């Protein structure tokens, strides 16, 4: 958690500097704050008050927001490459998951379509809290994302849809003295909204 408090302002400052320190043709930044839904599932049922998904439940939707920004640092005729910093905060079953990630983003430039597709591979820290405790556990999360943006103005895109899939080990009864070791949960995420672009 302390790492996030240090990293987020530093990355925001770096993105701001890159955006306004480079020429218009080089700098491209997008900032977003979008509603998000994540279906979290596990192949094994957990029981008791510390069950992250709920007592004897193997899957549940969590809802919240995804916020972040990307910076495209490489531009070619048919491809943009950049980095994306994101933080996703979702809640369900009185539990919560906070995933802070850094990703490599690739955006091809289609010649006939107005839509702007992209793909991303992101890794980071997933902090989860069960419904009946203030204890948080952090584990590595790895996710792949694909999405489509639609430009509606010079500095505004509609974030039509983004779908992500990945894994993260969420907190469970085994963390509170239980004898069972639980596998990593599967994360299927959806988000849409707006992207504000700075060029």
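The values are calculated or read from the model by the stated rules, or taken from the named source; none is laboratory data. The structure displayed is predicted, hence computed values, not measured ones. Methodologically, a virtual Cβ is constructed for each residue, glycine included, from the backbone with ideal geometry; neighbour enumeration extends over all protein chains shown.
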**Request:** Report yes if some residue within the stretch 171-182 is crowded, with 20+ Cβ neighbours inside 10 Å and in contact with a strand residue (DSSP E or B) (Cβ under 8 Å, 6 or more places away or on another chain); otherwise report no.
**Result:** yes
**Request:** Tell me, yes or no, whether the stretch 123-141 has at least one residue that is surrounded by fewer than 17 Cβ atoms within 10 Å (Cβ to Cβ), within 17 Å of residue 79 (Cα to Cα) and modelled with pLDDT of 95 or more.
**Result:** no
**Fill in**
Per the list (1) surrounded by 15 or more Cβ atoms within 10 Å (Cβ to Cβ); (2) under 18 Å from residue 175 (Cα atoms); (3) modelled with pLDDT under 95, residue check on residue 97 breaks on (3)
**Asked** Do we find that residue 103 is farther than 30 Å from residue 50 by Cα, in contact with a helix residue (DSSP H, G or I) (Cβ under 9 Å, 6 or more places away or on another chain), surrounded by 14 or more Cβ atoms within 10 Å (Cβ to Cβ) and modelled with pLDDT of 95 or more in this structure?
**Response** no
**Prompt:** Residues 90, 85, 65: which one is touching a helix residue (DSSP H, G or I) at 6+ places or on another chain (Cβ under 7 Å), within 20 Å of residue 166 (Cβ to Cβ) and either assigned to a strand (DSSP E or B) or at pLDDT 95 or above (or both)?
**Reply:** 85
**The one condition in (1) touching a helix residue (DSSP H, G or I) at 6+ places or on another chain (Cβ under 9 Å); (2) closer than 23 Å to residue 126 by Cβ; (3) buried (at least 16 other Cβ atoms within 10 Å of the Cβ); (4) at pLDDT below 90 that residue 48 fails to fulfil** = (3)
**Prompt:** Is there a residue being farther than 19 Å from residue 164 by Cβ and surrounded by 16 or more Cβ atoms within 10 Å (Cβ to Cβ) anywhere in the stretch 109-122?
**Reply:** no
**Message:** Looking at (1) in contact (Cβ under 8 Å) with a residue 24 or more places away in the chain; (2) more than 19 Å from the chain's Cα centre (by Cα), which one does residue 149 not meet, given that it meets all the others?
**Reply:** (2)
